[in-house]
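The block underneath contains the structure these notes are about, expressed in structure tokens.
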Amino acid sequence: MGFEGIASLIFGVVLLLIAILVFVFDFFSKKKELKDHIWRANLFRKQEKYPEAIKAYLQALALDGDLVEPRRNLAWIYRKLERYSEAIRQYIRVVSLEPEDYQTHNRLGLLYGKINKEKEAIEHYEKAIELEPNFAIAYANLGVLYHNSKNSRIREAIDCYESALKIEQTFILVRNLQAQAHLSRSEFDKAIQLYEGTVRIAPESEHYLQLALAFNRTGRHERAISNYQKALKIDSDSVVILTHLGRSYGLVEKYDEAETELNTALNINANYAPAQYQLAVILTARDQLDEAMELLQQAIQNEPGVAKSAKSDTNLQKLHQRPEFDQLIAGNEDERE
């Protein structure tokens, strides 16, 4: 090989090395740029600077569209901002990259529910359950979708709640949702059984309250009173519990006890309209009509919607016969118009 041949070979090798160096530099440069975009995006997300985070995530994904975690984070931001269609597009891409991602299918079910696409929501919940049969949350979310369906698919909702509870018996939210579904079908004993299980698992005031309300709906007021009292031992300053307890005492004609509880509620919150209303009912039953009328007026001032209830409440029949009652209701209706 002559000098020209050797020179030509060397030149070719040099060009090849330069090309390799350019490729390596470009590769690591893009790698660094990608890393910088993701770092900035995650920082902005943590700082709740969502527009800046979105921009940085999109810049990262423009360099590598197959990145899953940045795309999940971007979808999370869109969901947080209630930009549901954009979140859906990102999550759809995620499951195309990771088809076994049952949690993202569950999130898609939630998002499609948000935009009233029930069919698509059901499909993704069912896919999540197919991928992970012990995914209690997906059963629960599917149950909520059926529960809130315009077609009143309550029976299907109950089936989903039952499936969730078979997986996780202590899923309190689902127990309460299933109980509410049974109440909507007037299946009171089933609802009570669920609430009783809930208070065994988590003896909290709100759970005793729900159980007591269910007993009230079946006319078992003494059982309701017992559970309101248990709730009060945990939360003695709850005007809601005190008011319901006062009402229940009234229903079994224990008027002294009713007045005591309702006055206790009003000592805590003097403007709590439900307590004022229930005390007006008790005073009406005791023929203390002037005091009852005054309390009813206060209740309507604090919560105008009370007027409609008062107008049809047979417990206030004695007040209905008084001229000032008609004036009170008429005046309230005029103001609302």
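Only the coordinates and a few stated rules stand behind these numbers; no lab work does. For clarity, every value in this text was computed on a predicted model and none was experimentally measured. Methodologically, a virtual Cβ is constructed for each residue, glycine included, from the backbone with ideal geometry; neighbour enumeration extends over all protein chains shown.
Here the gap between Lys233 and Asp326, fully extended at 0.36 nm per residue and compared with their Cα-Cα distance, gives a gain of 29.4 nm. Compactness check for the stretch 231-299: Cα Rg over 2.2 N^0.38 Å is 1.01. Subtracting the Cα-Cα distance of Arg89 and Glu126 from their residue separation scaled by 0.36 nm leaves 11.4 nm. Orientation-averaged projection of the stretch 131-206 equals 5.0 nm² [convex hull of Cα atoms, one quarter of hull surface area]. Please give the Cα centre distance for the stretch 246-264 versus the stretch 66-124, rounded to the nearest Å. Cα centroid to Cα centroid, the span is 51 Å. Give me the mean projected area, in nm² to one decimal, of the convex hull enclosing the Cα positions of the stretch 272-337. Taking the Cα atoms of the stretch 272-337, their convex hull projects to 3.7 nm² on average. Here the chain is described by how far its Cα atoms reach on the three principal axes: 126, 44, 38 Å, from widest to narrowest. Of all lysines in the structure, those lying under 24 Å Cα to Cα from Lys233, and not within fewer than 8 positions of it along the same chain, are Lys254. If you wrap the Cα atoms of the stretch 84-221 in a convex hull and average its projected area over all directions, you get 8.7 nm². A cut-off under 10 angstrom between Cβ atoms defines the neighbours of Gly143, and their net charge, with Lys, Arg +1 and Asp, Glu -1, is -2.
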